[in-house]
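All remarks here apply to the structure that follows.
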2 protein chains.
Amino acid sequence: MQLAILLYDRFTALDAIGPYDTLSRVPGVETVFVAERTGPHRNDLGSLGLVAEATLDEVTAPDILVVPGGPGQLAHMTDGPLQEWIRAVDAHTTWTTSVCTGSLILAAAGLLKGRRATSHWLALDQLPGFGAEPTGERVVFDGKYVTAAGVSSGIDMGLTLAGRIAGDTVAQTIQLGIEYDPQPPYDAGSPEKAPAEVTAKLRQGSRDVLMGEA
Amino acid sequence: MQLAILLYDRFTALDAIGPYDTLSRVPGVETVFVAERTGPHRNDLGSLGLVAEATLDEVTAPDILVVPGGPGQLAHMTDGPLQEWIRAVDAHTTWTTSVCTGSLILAAAGLLKGRRATSHWLALDQLPGFGAEPTGERVVFDGKYVTAAGVSSGIDMGLTLAGRIAGDTVAQTIQLGIEYDPQPPYDAGSPEKAPAEVTAKLRQGSRDVLMGEA
């Protein structure tokens, strides 16, 4: 079973690594980081380089596709190599997934039309423009399309999908292996729970957040 | 404020990226991935390459040090370039931190003697051999030494430390920015909570887990 994680410049690292360090641990899964060119791809903050091992041409029929988000998403919203590749491989996937604003790339490729989906909370309002129905859930399944909310939600998505693919015991084994027993020091992880001024500040600066400045 | 994240072959990706995608978002923090050699470093699963931008010689006085864990830790438990570098930069850090079995590297360097510390739950029993006192907490502060439990706990550590460094509002803003409102599909993230057979299986295969096979 091949897991393809798409990279592009200015992606958000945790968007890719959450699904990676859960789904890649499912027995039988072989993972490839794929991009327009091989070699390191720089993240949104500019200080991290993650290596793509294969070009788009070399990955033609992955079983699982993960599209991470990040401000670099903006460069791939119109027709081009990534959009074409996503549509082509989607014809072969068992699961087509995204984290954060990665869902906007899937939506722009026409794959989420008429489907329930999610994205980073600051980007949810962009989904209807592509015919998708935004939901407030953290991980949304609609057929083979699985979208996750902002950044860290990719861990929850990865574990949920691991359970669907390989059963609860495998997913629980992965969860215990990565000791995923979250204990955030604050309860500020959603716009409803965060202090009003924190939510307001990010809403006001949403362009900066989605552009990778926060 | 310089954040140095140490890389070595066969590290666990999420161990490094959890602290990275929280602490690197603190205003004024400049992050560098540092290793014995520059260039891509391969993780425990072998399918990921993360780039080190600087050699040990080039990073002499970071304010924050993060040592991730992973099966490659075993190769750095005796005196050698990493141990020497860690001891040297620790003389300058404001915070010396680890995730997962990264604490065993710090402990082997003699930095956790007489200190409370944690590690991956399967590695906790190795801490007393280095004079450290293992605790069941997910994130442990003892003076400037901050150790986190297995893999995913680095996110909780990063947010907690972000709060100490820059205040609660900054940390909450980062938490909301990465939408860290965890909703694991199972409650199996600690040996006490996971189904008994899952915990037993990982305990039996603990060598495999710590060697990166799980």
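The values are calculated or read from the model by the stated rules, or taken from the named source; none is laboratory data. Remember, it's a predicted structure, so these values are computed and weren't measured experimentally. With ideal geometry, Cβ positions are generated from the backbone for all residues, glycine too; neighbour counts draw on all protein chains shown.
Checking each residue in segment B:57-88 for being farther than 11 Å from B:VAL34 by Cα, β-branched (Val, Ile, Thr) and buried (at least 17 other Cβ atoms within 10 Å of the Cβ) picks out B:ILE64, B:ILE86. Checked against the criterion of being surrounded by fewer than 21 Cβ atoms within 10 Å (Cβ to Cβ), of a type in the set (Gly, Ala, Ser), at negative phi and modelled with pLDDT of 95 or more, the candidates A:ALA52, A:ALA91 yield just one match: A:ALA91. Is it fair to say A:VAL140 is in contact with a Lys or Arg (Cβ under 9 Å, 6 or more places away or on another chain), β-branched (Val, Ile, Thr), more than 7 Å from chain B (Cβ to nearest Cβ) and crowded, with 19+ Cβ neighbours inside 10 Å? So A:VAL140 passes the test. Taking residues in segment B:18-43 that are exposed (fewer than 15 other Cβ atoms within 10 Å of the Cβ), and partners anywhere that are small (Gly, Ala, Ser) and not in a strand (DSSP E or B), the pairs with Cβ atoms closer than 9 Å and at least 6 places apart or on different chains are B:PRO27/B:ALA166; B:GLY28/B:ALA166; B:GLU30/A:SER47; B:GLU30/B:SER24.
Filter segment B:1-12 for residues that are more than 10 Å from the chain's Cα centre (by Cα) and not aromatic (Phe, Trp, Tyr); which is farthest from B:PRO71 (Cα to Cα)? Filtering segment B:1-12 for residues that are more than 10 Å from the chain's Cα centre (by Cα) and not aromatic (Phe, Trp, Tyr), the one farthest from B:PRO71 (Cα to Cα) comes out as B:MET1.
For segment A:146-169, check the following and say yes or no: at least one residue is away from chain B (no Cβ under 11 Å) and under 23 Å from A:THR12 (Cα atoms).
Step one: of segment A:146-169, the residues away from chain B (no Cβ under 11 Å) are A:146-147, A:165-167.
If we keep only those that are under 23 Å from A:THR12 (Cα atoms) as well, we get A:146-147.
Looking through segment A:146-169, at least one residue is away from chain B (no Cβ under 11 Å) and under 23 Å from A:THR12 (Cα atoms).
Residues B:GLY136, B:GLY46, B:GLY110, B:GLY102: which one is under 17 Å from the mean Cα position of the chain (by Cα) and within 30 Å of A:VAL29 (Cα to Cα)? Steps first, answer last, please.
Details: B:GLY136 fails: within 30 Å of A:VAL29 (Cα to Cα); B:GLY46 fails: under 17 Å from the mean Cα position of the chain (by Cα); B:GLY110 fails: within 30 Å of A:VAL29 (Cα to Cα).
The unique qualifying residue is B:GLY102.
For segment A:63-76, does any single residue satisfy the condition of being of a type in the set (D, E, K, R) and modelled with pLDDT of 95 or more?
Initially, segment A:63-76 is screened for residues of a type in the set (D, E, K, R), giving A:63.
Pick out the ones that are also modelled with pLDDT of 95 or more and you get A:63.
For segment A:63-76, residues of a type in the set (D, E, K, R) and modelled with pLDDT of 95 or more: present.
Go through (1) surrounded by fewer than 24 Cβ atoms within 10 Å (Cβ to Cβ); (2) within 10 Å of chain B (Cβ to nearest Cβ) and name the single condition A:ALA196 misses. Here A:ALA196 clears every test but (2).
Would you confirm whether or not segment A:148-161 contains a residue that is surrounded by fewer than 19 Cβ atoms within 10 Å (Cβ to Cβ) and not polar (S, T, N, Q)? Within segment A:148-161, not a single residue is surrounded by fewer than 19 Cβ atoms within 10 Å (Cβ to Cβ) and not polar (S, T, N, Q). Can you give me the number of residues within segment A:72-85 that are in contact with a helix residue (DSSP H, G or I) (Cβ under 6 Å, 6 or more places away or on another chain) and assigned to a loop (DSSP other than H, G, I, E, B)? Qualifying residue count for the region: 1. Can you pull out the residues in segment B:108-130 that are touching a residue at least 24 places away in the same chain (Cβ under 8 Å) and either in contact with a Gly (Cβ under 6 Å, 6 or more places away or on another chain) or within 14 Å of chain A (Cβ to nearest Cβ) (or both)? Answer for segment B:108-130, where residues must be touching a residue at least 24 places away in the same chain (Cβ under 8 Å) and either in contact with a Gly (Cβ under 6 Å, 6 or more places away or on another chain) or within 14 Å of chain A (Cβ to nearest Cβ) (or both): B:THR118, B:SER119, B:HIS120, B:TRP121, B:LEU122, B:ALA123. Look at (1) closer than 24 Å to B:SER153 by Cα; (2) surrounded by 16 or more Cβ atoms within 10 Å (Cβ to Cβ); (3) more than 7 Å from every other protein chain (Cβ to nearest Cβ); (4) without any contact (Cβ under 8 Å) to a residue 60 or more places away in the chain and you find that A:ASP187 fails only one, number (2). For segment A:86-116, the set of residues classified as outside any strand (DSSP E or B) and among the polar types (S, T, N, Q) consists of A:THR93, A:THR94, A:THR101, A:SER103, listed by residue number. In summary, helices (runs of 4 or more DSSP H) completely within segment A:117-214 and bearing 1 or more residues that are modelled with pLDDT of 95 or more, on the phi < 0 side of the Ramachandran plot and aliphatic (A, V, I, L, M) occur at A:153-166, A:168-177, A:196-204. The set of residues from segment B:49-70 being closer than 18 Å to B:PRO19 by Cα, out of contact with any Gly (no Cβ under 9 Å at 6 or more places or on another chain) and among the hydrophobic types (A, V, I, L, M, F, W, C) comprises B:ILE64, B:LEU65.
All of A:ILE105, A:ILE174 fail the test of being facing another protein chain (nearest Cβ under 9 Å) and crowded, with 24+ Cβ neighbours inside 10 Å, apart from A:ILE174.
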